[in-house]
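Written below as structure tokens is the structure these notes are about.
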Amino acid sequence: MIVDCSVVLAWINDIEFRRDCLKLREAFEEGRISLKTTSFVKYEVLRRIAMRKIPSEVAKRLAHLLSEYLEFISEELDSRLVANSVGLSVSLGLSLSESSCAVLSRYRGEVYVTANEDLAKKLSSEGFSIQHVSTIF
Amino acid sequence: MNEKNQKKSVTISVRVPAWLKSEMEKTDINWSEYIRKVIEDRIKLERAKKIWAEIEDIVNSEGF
């Protein structure tokens with residue numbers, strides 16, 4: 001499964017579908033499922049942390065730990081996949097972190113899981129293998 | 001972990017039932033490689049869990 005920023009952010013924020021997103025992380029940590037994401041998602045998550053109004057030492061520590069954790073699951077895309085991500089981003093009006101997940105999902109033949117309902121509908125109508133996180137368990 | 005320890009390999013033994021060993025021998029699988037990979041993946045997961053426990057401490061104490 002490929003997870004995007006909406007899923008990762010729900011792991012640390014009390015937002016909609018958090019429970020479903022946490023179940024996904026727990027299943028990964030128990031070795032029941034495999035999770036992957038892209039380095040673009042990692043940087044997007046870190047960008048959101050940098051925007052938070054929290055003490056800088058806390059932000060640094062959190063960024064360090066999140067970066068280390070996401071290192072276990074994130075994949076660096078090669079130039080061809082990066083180009084495809086940018087192309088998809090432009091044609092469908094997605095963020096680069098979202099389009100990179102869609103591209104990785106298609107390349108790896110794995111389902112893309114998101115907590116963003118609109119995105120799930122949009123990419124599904126474009127023929128991508130995508131599921132909303134609430135439908136996984 | 002220093003570089004010398006990373007390169008050094010040691011032997012570990014695993015006891016399995018005789019019937020299982022017999023089944024293993026019927027395949028072309030490199031069991032040593034397979035078991036090494038399974039252990040590596042499990043170790044990664046355990047490290048990930050520890051890191052997440054630290055992340056949760058921060059998230060809970062900062063009231064995210």
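None of the figures in this text is laboratory data; all of them are computed from the coordinates on show. Predicted model only: the values in this text are computed from it and were never measured. Here Cβ is always computed from backbone atoms with ideal geometry, including for glycine, and neighbour counts include all displayed protein chains.
Observations, loosely collected:
- Given A:53/B:49; B:7/B:37; A:42/B:37; B:8/B:37, the pairs whose alpha carbons are separated by over 18 Å: A:53/B:49; A:42/B:37
- The residues A:89, A:6, when put in order of fewest to most other Cβ atoms within 10 Å, stand as A:89, A:6.
- Here the dipole of the protein assembly as shown is about 420 debye; that uses its Cα centre as origin and unit charges on the Cβ of Lys and Arg (positive) and Asp and Glu (negative).
- Peptide B:45-55, shielding by other chains (average Cβ, 10 Å cutoff): 6
- Average Cα contact separation per residue, chain A, under 8 Å, 6 or more apart, as relative contact order %: 33 percent
- Each part gets one Cα centre, and for segment A:58-77 versus chain B those centres are 21 Å apart.
- Footprinting exposure proxy for A:51, A:1, B:24 (fewest neighbouring C-beta atoms within 10 Å first): A:51, B:24, A:1
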